[in-house]
Structure formats: C-alpha cells, structure tokens
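Reading through the structure tokens given below for one structure.
The values are calculated or read from the model by the stated rules, or taken from the named source; none is laboratory data. It should be emphasised that the depicted structure is a prediction, and the values quoted were computed from it without experimental measurement. Every residue, glycine among them, receives a Cβ derived from its backbone with ideal geometry; neighbour counts consider all protein chains shown.
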Amino acid sequence: MRTSTLVLALALVLLPTARTARAASEGDVPPLVRAFVDYRKPTAAGRSKSIAGRPVIPGVRVDANVEYGRAGWESLKLDLYQPSRRPRRPVPAVLFIHGGGWALGDKAEGTFAGYLATRGYVVASINYRLCWLAKFPAAVEDCKAAVRWMRANARRLSVDPERIGVWGASAGGHLAMMVGCAGREAGLEGSSGTPGISSHVNAVVSYFGPADLAGEFANPLSLGGQIVRFFMGPFRPPVDFVKASPVHHVGAGDPPLLLVHGDSDWLVPIRQSEIMLDAYRAAGLQARLVRVRNADHGFMPKDVFAPVTPNSNERWQHVIGFFDRHLKGIVP
C-alpha cells in the first residue's frame, strides 16, 4: 500500500486530538499508532470541542456538552439534538458513537447524525473514555451509561424509553454492537453513571465496525492488531479479547442489527460484518448487511474513477428506514 493511501486511511480511523497526543508516552503506544499521532500533532484539534460554528440544522435545537456521567475525574459528555418543537408524545432516541480506533475522535463528529432530529428523533452524540486514559472495558461502560442516562431522562426529553437505538462507525460500530449484544450478565455495565437503569437498546446500526477482536486482529504486527492491543491494554489474556468481541455475545433477545460495510475495507475487512451477520442468523435474530461496492474503510473509494454504491444519500436512507421500522414501526 502506498504511503499516501495509508495516511489517508489512518486519518479516517484515528482522528487527531491534542489531549491524546500529549497523553501518549514512548513506552505504551504501539509503533504504528505513535507514528500516526506524531504525523498529525501539528493539526491536533482537542477533545470536547464545541459544536459552535458548525452548520445549523433547521428545526433542531442543540444542547452541547451535557454531562451524562462521571468516571473518576473524567466528565462524560454528549451533544443533544432535539426537534425545536416539543413533541406531543414521546419519540424514539438514537445515540451516536464516534470512531477513531478507540483512541481518538470526538462527539462533534456526530453532527450529521443530528439530522435524525428532523425526522422526529432525539439524538445524542457521545464522548467516551479513550484508551490512552482507560483500557477496555471503560469505553463500553461509558456507552452503556449514556443509554441509561437517556432512559432515566426520558420523560424530561420526551423520549420513549422503550424505543432507543444506537449507531456507531468503525470503533464506534464495535461499541454500538457491544451495547446491543452484551447484556448485564457480561459484567460490562460499569459505574460511569445512572446505576440501576437498563442499558438495553432496541436497534443497532454498525458502520464497518469490528466484531471479533479475538480472531481477525490476532497479528500484533499489523496495524489493526496494534490498535486492538492498545485498546485492550498490555498482558491481557485471550479470554478478554473474546469478552471484548460483540460476536461472542450474540444471543436470544438481542436487538435488530443493520451492518453497512465497504467490500474493499483493508483495515476492518468486511468479513467482520459477515461473521456478525452469520451469528445473528444462527441465533434466529434480525440482521441485514449492506455491502458498499468499491468502498474502503470510511467508504472512501478504492478506485477513484468508479462510483461507490450505495452512495452516501442511499446509505443514509438505509439507516433512516431501519430506525423507522424498528423504533417507529413504519414499514415501507
């Protein structure tokens, strides 16, 4: 792979932040991850940035940096997108989980998900503890805490607590599937916030998320293997990689799942979504895989002279249709 292609693909997976770059030390960061962070340091933007200055979504009210929990000294925050007019009856909610190799990224990247609020949803784009500061299962625990916060505040937000979906991209897709499939018995609820409330969700969307951290990414010399090991932390036994893999939590009662994945994804191969689809079908659960042709990681075109299909608008319609069907009961 050419250097320019590698850098472009890495940029889609490990979005730069100032705090994470400062937190890195020479001893605990895998070489490929460190190289990318060093490359991107001059343009680091910082976490928990404001969404001010981003495009205003007509008909949508935005509340930025709402605290949904705490983990030690860390304040866990989300950006909330709501219809400007308070709905007459409770509406569904969707939580968006950003990507970034579990190491980088920010909730402001979920601004586009806020457009769901124009379709009668309450949307929360969340931050979670990154693996520079807290290893697995911290990120999973935080995502579950965000679901609990949404459910606990459902009345105030005009949300139906029995119609909550979750949507994530790349590492966020992995976390979304973990929220959907890892029940209370998995021991991943944590204590980040709002204890005693269910973290169950009713629908899950994963954009090119890894499903099996114990298999595909076993090679510690590969970029994917190094990213996974940085997320997990050193000296973790194999059983922990199984515990961190959504595919190993699939079971009866799991929510419907929509998988959207590029057929040419070099970083998170489409096999990851295929094995998740197979596990769902074997368990008699509802799942669908949308294969995006000519698409690398992040839906970037493998061949720049050929179209990516379905295109971004068509992929958006798949997501809208999925949530409408499973959270609103609308059948086209």
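With the requirement that a residue be free of Cβ contacts under 8 Å to residues at least 12 places away in the same chain, under 29 Å from Val250 (Cα atoms) and charged (D, E, K, R), what does segment 279-318 give you? Answer for segment 279-318, where residues must be free of Cβ contacts under 8 Å to residues at least 12 places away in the same chain, under 29 Å from Val250 (Cα atoms) and charged (D, E, K, R): Arg281, Glu314.
Every listed requirement among (1) surrounded by 24 or more Cβ atoms within 10 Å (Cβ to Cβ); (2) within 15 Å of His174 (Cα to Cα) is met by His248 save one, (1).
For the condition surrounded by fewer than 23 Cβ atoms within 10 Å (Cβ to Cβ), among the hydrophobic types (A, V, I, L, M, F, W, C) and touching a residue at least 40 places away in the same chain (Cβ under 8 Å), Leu95 does not qualify. Taking the conditions exactly as written (out of contact with any strand residue (DSSP E or B) (no Cβ under 8 Å at 6 or more places or on another chain) and surrounded by 23 or more Cβ atoms within 10 Å (Cβ to Cβ)), does Pro234 satisfy them or not? No. With respect to the conditions (1) in contact with a strand residue (DSSP E or B) (Cβ under 9 Å, 6 or more places away or on another chain); (2) modelled with pLDDT under 95, Asn127 falls short on a single one, namely (2).
None of Phe112, Phe208 is without any contact (Cβ under 8 Å) to a residue 24 or more places away in the chain, closer than 23 Å to Phe323 by Cβ and aromatic (Phe, Trp, Tyr) except Phe112. If you check Leu213, Leu258, Leu223 for being hydrophobic (A, V, I, L, M, F, W, C), more than 25 Å from Val94 (Cα to Cα) and either in contact (Cβ under 8 Å) with a residue 60 or more places away in the chain or touching a Gly at 6+ places or on another chain (Cβ under 7 Å) (or both), only one passes: Leu223.
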